[in-house]
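Inspection log for the structure reproduced underneath, given as structure tokens.
The values are calculated or read from the model by the stated rules, or taken from the named source; none is laboratory data. Treat the numbers as computed from the prediction; the structure is a model and nothing was measured. For neighbour counting, all protein chains shown are included, and Cβ atoms are generated from backbone atoms with ideal geometry for every residue, glycine included. Ligands, DNA and RNA are stripped out before the accessible areas are found, and what is left, the full protein with its side chains, is counted by its heavy atoms. Shrake-Rupley method; radii C 1.70, N 1.55, O 1.52, S 1.80 Å.
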Amino acid sequence: MLTAQENDLLCRVEGEVPMGKLMRRHWIPAGLSEQLVVPDGNPVRLRILGEDLVAFRDTDGRLGVLGEQCPHRKASLFFGRNEECGLRCLYHGWKFDVEGNVLEMASEPPESRFRQKVKHKAYPAREAGGFVWIYMGPPEQQPEFEAPAWAPTPETRVSIARIDVPCNWAQIMEGQIDSAHSSSLHSSDMLPAQVDTAKAEDTHWLRPSTDKSPRIQVQLTNYGMRYAAIRQPIMNASTHDYVRITTYVAPFTALIPPNSSYNVASVIVPRDDTSSYFHFIAWSETGGIDQDAWRKFCVAQVGVDLDGEYRPALRTAANNYLQDRKAMKRGDFTGIPGIPNQDIAMWVSMGAIADRSGERLGSSDVAVIQLRRLMLAALHRFETTGHVIGFGERRVPQAKLRSYQGVVPKSENWRTLGASEEEVALLGGMEQDEVEREMAGAFRT
């Protein structure tokens, strides 16, 4: 469990708090490319780390992400005209380009040089893996942009379900770093079967184990951590283990163990202290699942389950997620359709910011405990040395990072399963010792 102070350090992201400052030093997957397809199309509201922003694609196809309030009289630029390579405020006609430069000031006399003295807030933007990314940190510290783990090549097929969730980012991420819950909460969607590996059907997944109490082992890395949930398989249980490895890429990404059809990832981006954008991603370099089918599988279809801004429209806490108790009597474990909806019901029920001071944690919570320690350690190191987790001389490109699942001999060293050559060379070196020393100094055991 955490103290109230530690809980605030972990969860709060708005303003000048440590976690928000650390997250600003990373490229942030702020919006979806599908929201900004058409040049001169409709502007899009975003809220990231407590800041209200407006995004647009200009006439030449360039992406712009600006502060939502016009610097003149603070009217919203969301209502502006996106035209001729700029976003024009409706109130007085001030027009801004993607870099925040003032192109025109219709309300000022032609001879005025006032526009040269005004620069609006604008964040650098990139596009990759189905997302629009922004950098919100100090310009002089801007890292090089790189492709995310779920889009190692431009040809990778990426399908994304996006849901606006009214709770803090950390309890959502903890749900991704918690393999034990899937055997209960998702037991009607992740069915045990006599299969040689995890498989994906149209309506459910299959996994080769009935074991609900995995052994959790954690491996720290300089970008986050990997952990193994080791279960007894249905077949060859005396000689083999069923191993599911989740890779956490701080601060936003969890690479979930794949199935035979596609890889899976979760990306959590804080809107503010008490709400987040949750993304559930299926991706494949060779096959995969198309976006419409993925959103139908997740019961997260825009216009059906969600509104146009990806907010739950059908199932909410106010109507108890339309939980079907009759279906539960018939054998459905939760009575709530869709893996993300089942998770959301649990996350939101904890409160906007969960009170972790009264938790009773067990052996299945080892990875959750390590996630908290890791991120508090990362904050301590950032505050004392300026080091940003995931950046350093020895690092593995995100495109080389993977999760893993499989039935393997008990003698197999899980720490190298699914790891690239670059990562194997890094794992177990001095970087891990350094992280552990930082953890010891930053977290109350």
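Along the range 299-310 the Karplus relation, 6.51 cos²θ - 1.76 cosθ + 1.60 evaluated at θ = phi - 60°, assigns HN-Hα couplings of 6, 9, 7, 5, x, 10, 8, 10, 7, x, 10, 6 Hz to successive residues, with x for each Gly and Pro.
Seen against the Cα atoms of the chain and their longest principal axis, helix 339-349 is set at about 80 degrees. Taking 26 Å as the straight-line reach from the Cα of LYS74, the lysines in range (excluding those fewer than 8 positions away in the same chain) are LYS21, LYS95, LYS117, LYS119, LYS121.
Considering only PRO29, PRO109, GLY61, and ranking their Cα positions along the charge dipole of the range 1-111 that arises from unit charges at the beta-carbon of Lys, Arg, Asp and Glu, the one farthest toward the positive end is PRO29. Return the distance in nm (one decimal) between the two label points of a simple spin-label model at ARG73 and ARG325, each offset 7 Å from Cα along Cα→Cβ. Rounded to a tenth, the inter-label distance reads 5.5 nm.
For ARG271, the residues 5 or more places off, or on other chains, whose built amide H falls under 5 Å of its own are LEU49, SER276, TYR277. Taking 0.36 nm per residue of sequence separation and removing the Cα-Cα distance, the GLU111/SER238 pair yields an extension gain of 37.2 nm. For a test of the definition: using alpha carbon positions, the gyration tensor, and the 1.5 limit on a/c, classify the range 24-130 as rounded, prolate or oblate. Prolate, because a/c is 1.5 or more and a/b exceeds b/c. Amide H contacts of ALA75: CYS70, each under 5 Å away and 5 or more positions distant or on a separate chain (H built 1.01 Å from N in the peptide plane; Pro and chain starts excluded).
If R0 is taken as 35 Å, the Cβ-Cβ distance between GLU34 and SER260 corresponds to a FRET efficiency of 0.80. With a Förster radius of 56 Å applied to the C-beta separation of LYS410 and LEU90, the computed FRET efficiency comes to 0.25. Available extension along the chain between ALA318 and LYS199 is 39.4 nm, counting 0.36 nm per residue and deducting the alpha carbon span.
Sites listed here are chymotrypsin sites (Phe, Trp or Tyr not before Pro) in the range 340-402 whose DSSP assignment is loop and whose Cβ has at most 14 other Cβ atoms within 10 Å: PHE391. For the pair THR384 and GLU146, a Förster radius of 22 Å applied to the C-beta separation gives a FRET efficiency near 0.25, rounded to the nearest 0.05.
With a 1.4 Å probe and every protein chain left in place, work out the accessible area per residue of the range 59-179 in Å², rounded to a whole number.
Values: 5520 Å² over 121 residues.
Normalised by residue count, the accessible surface of the range 59-179 is 46 Å².
The modelled label-to-label distance for the pair GLU127/MET346, using points 7 Å beyond Cα in the direction of Cβ, is 3.6 nm.
Here the accessible area of the range 138-297 is 46 percent carbon and sulfur, with a 1.4 angstrom probe and all protein chains present.
Provide the gained length on full extension for the span ASP8 to GLU309, in nm with one decimal, where the gain is 0.36 nm per separating residue minus the Cα-Cα distance. Provide the component values of the computation, followed by the final result.
On the way: separation 301, 0.36 × 301 = 108.36 nm, distance 2.82 nm.
Net length gain for the segment: 105.5 nm.
The H on the amide N of ILE234, modeled in the peptide plane, is under 5 Å from the matching H of SER209, THR210, each at least 5 residues off or on a different chain.
In the chain, helices alone account for a calculated mean residue ellipticity at 222 nm of -5500 deg cm²/dmol, with every DSSP H run of four or more residues adding -39,500 (n - 2.57). 3J(HN,Hα) along the range 210-222, derived from phi through the Karplus expression 6.51 cos²θ - 1.76 cosθ + 1.60 where θ = phi - 60°, amounts to 10, 6, 9, 10, x, 8, 9, 10, 10, 10, 6, 9, 7 Hz, with x in place of Gly and Pro.
Let me check against my output: what whole-number percent is the relative contact order of the chain, with C-alpha pairs under 8 Å and at least 6 apart? Answer for the chain is 18 percent. Placing pseudo-labels 7 Å out from each Cα toward the beta carbon at GLN301 and ASP164 gives an inter-label distance of 2.1 nm.
Backbone phi angles across the range 109-126, fed through the Karplus curve with coefficients 6.51, -1.76 and 1.60 (θ = phi - 60°), yield HN-Hα couplings of x, x, 7, 5, 9, 4, 5, 5, 9, 10, 9, 8, 4, 9, 10, x, 10, 9 Hz in residue order; Gly and Pro are listed as x.
Which percent, nearest 5, of DSSP beta bridges in the chain are antiparallel? Walk me through the numbers before you get to the answer.
On the way: 80 of 84 bridges.
Among the beta bridges of the chain, antiparallel pairing accounts for roughly 95 percent.
Per residue, the accessible area of the range 298-415 comes to 51 Å² when a 1.4 Å probe rolls over the protein heavy atoms.
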